[in-house]
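Notes to accompany the following structure.
Read-outs throughout are calculated quantities, based only on the coordinates presented, and are distinct from any laboratory measurement. Keep in mind that this is a model prediction, so the values were computed, not measured. When we count neighbours, we look across all protein chains shown, and the Cβ atoms used for this are built from the backbone with ideal geometry, even at glycine.
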């Protein structure tokens, strides 16, 4: 990591997602320094102050508002800046606005820091991860998005509820776009090594196809539901950001479905989307060859094509 301070993180964008992420990171004790950056300096200062007042109940660290120069030695730079999803909007609807915002932010980051890991959280996360990879000049292993880490958590949570079992014992992935074309990988889903359908039957559930469709749809629609009810989603994603940072800072080599540039796996090329990957101090340290059945492969390629079409409408 050269000149960076492994205990320093930067959060760019202090809206709901950025400030909730900073709050989750403050409680985690992973970092000893967090700099908050926002186009509205006062907002960044207010969030830094508010979060700092919890420090006597956590671990000593510095949390302050800064500028792009202040992130020169950060080891992880978390980009949440961008317009949020409004009721009725899909994540892909945000493309033009947020690519524009990234065109001003990413070169500023690269100007002051070439060594960090760039974690993209703003939506549409796959398009913006692609944009950040192109604009930053960083090696691709150090630019990735939060991807379907949150969707996968939603899937585990819903399966845990459905089966009345600890969601941490559920092993299943959502892959592809973080959005409407995402895929729940049922073919390899299991509960502590027991195939999902067998476990369902142990728990008295026999209507597998209907339950799988309902749960996958609930995962896909949960953001829309939350946005309709409270205008934004931020706690779930904040915990996902904390989880990803944990894997990086502690060099855990954890397997997480983050969004990164794809090069030929399953015939997908030149687009960023989510697949399980090994995440550690160097960022994306390797992909995990997940078993997919034919329907899942087809759906994944379709998801990639959806993202490709959007990429063709932007110029980076």
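Gain in length, residue 49 to residue 67, computed as 0.36 nm per residue apart minus the alpha-carbon separation, to one decimal in nm?
Length gained between residue 49 and residue 67: 4.9 nm.
With all pairs of different alpha carbon atoms counted, what Kirkwood hydrodynamic radius in Å does segment 268-307 show? Every distinct Cα pair counted, the radius reaches 11.5 Å. Among beta bridges identified by DSSP and lying wholly in the chain, the antiparallel ones come to about 50 percent. Full extension of the chain segment joining residue 103 with residue 208 gains 33.3 nm, where the gain is 0.36 nm per residue of separation less the Cα-Cα distance.
Axis angle, to the nearest 10 degrees, between helix 235-249 and the longest C-alpha principal axis of the chain: 70 degrees.
Sorting 273, 119, 135 from the fewest to the most surrounding beta carbons within 10 angstrom yields 135, 119, 273.
Once every Cα of the chain carries one equal point scatterer and solvent is ignored, give the base-10 log of I(q)/I(0) from the Debye formula at q = 0.07, 0.16 Å⁻¹, two decimals. Log10 I(q)/I(0), no solvent term: -0.26, -1.36. Ordered by the number of other Cβ atoms lying within 10 Å of each residue's own Cβ, fewest first, 245, 200, 14 fall into the sequence 200, 245, 14.
Once C-alpha pairs closer than 8 Å and six or more residues apart are averaged by separation and normalised to the residue number of segment 153-202, the relative contact order reads 27 percent. Using C-alpha pairs below 8 Å separated by at least 6 residues, the relative contact order for the chain is 19 percent. Over the chain, dividing the summed -39,500 (n - 2.57) contributions of all DSSP H runs of at least 4 residues by the number of residues returns a 222 nm mean residue ellipticity of -13500 deg cm²/dmol.
Could you tell me how many degrees, from 0 to 90 and to the nearest 10, lie between the Cα long axis of helix 16-28 and the main elongation axis, the longest principal axis, of the Cα atoms of the chain? Between the helix axis and the principal axis of the chain, the angle is about 90 degrees. Quick check on segment 223-290: take the gyration tensor over C-alpha atoms, sort the square-rooted eigenvalues as a ≥ b ≥ c, and tell me if it's rounded (a/c under 1.5), prolate or oblate. Taking the square roots of the gyration eigenvalues as a ≥ b ≥ c, segment 223-290 is oblate.
For the chain, the longest principal axis of the alpha carbon atoms and the long axis of helix 95-112 meet at an angle near 50°. Remark: 274, 192, 52, 136 ranked as 192, 52, 136, 274, counting other beta-carbon atoms within 10 Å and listing the fewest first.
How would segment 149-311 be classified by its alpha-carbon gyration tensor: rounded, prolate or oblate, with rounded meaning a/c under 1.5 and the a/b versus b/c comparison settling the rest? Verdict is rounded for segment 149-311.
Which of the three applies to segment 5-145, rounded, prolate or oblate, going by the alpha-carbon gyration tensor with a ≥ b ≥ c and a/c under 1.5 meaning rounded? In terms of gyration-tensor shape, oblate.
Structural descriptor for segment 168-316: relative contact order 24 percent, calculated from alpha carbon pairs under 8 angstrom and at least 6 residues apart.
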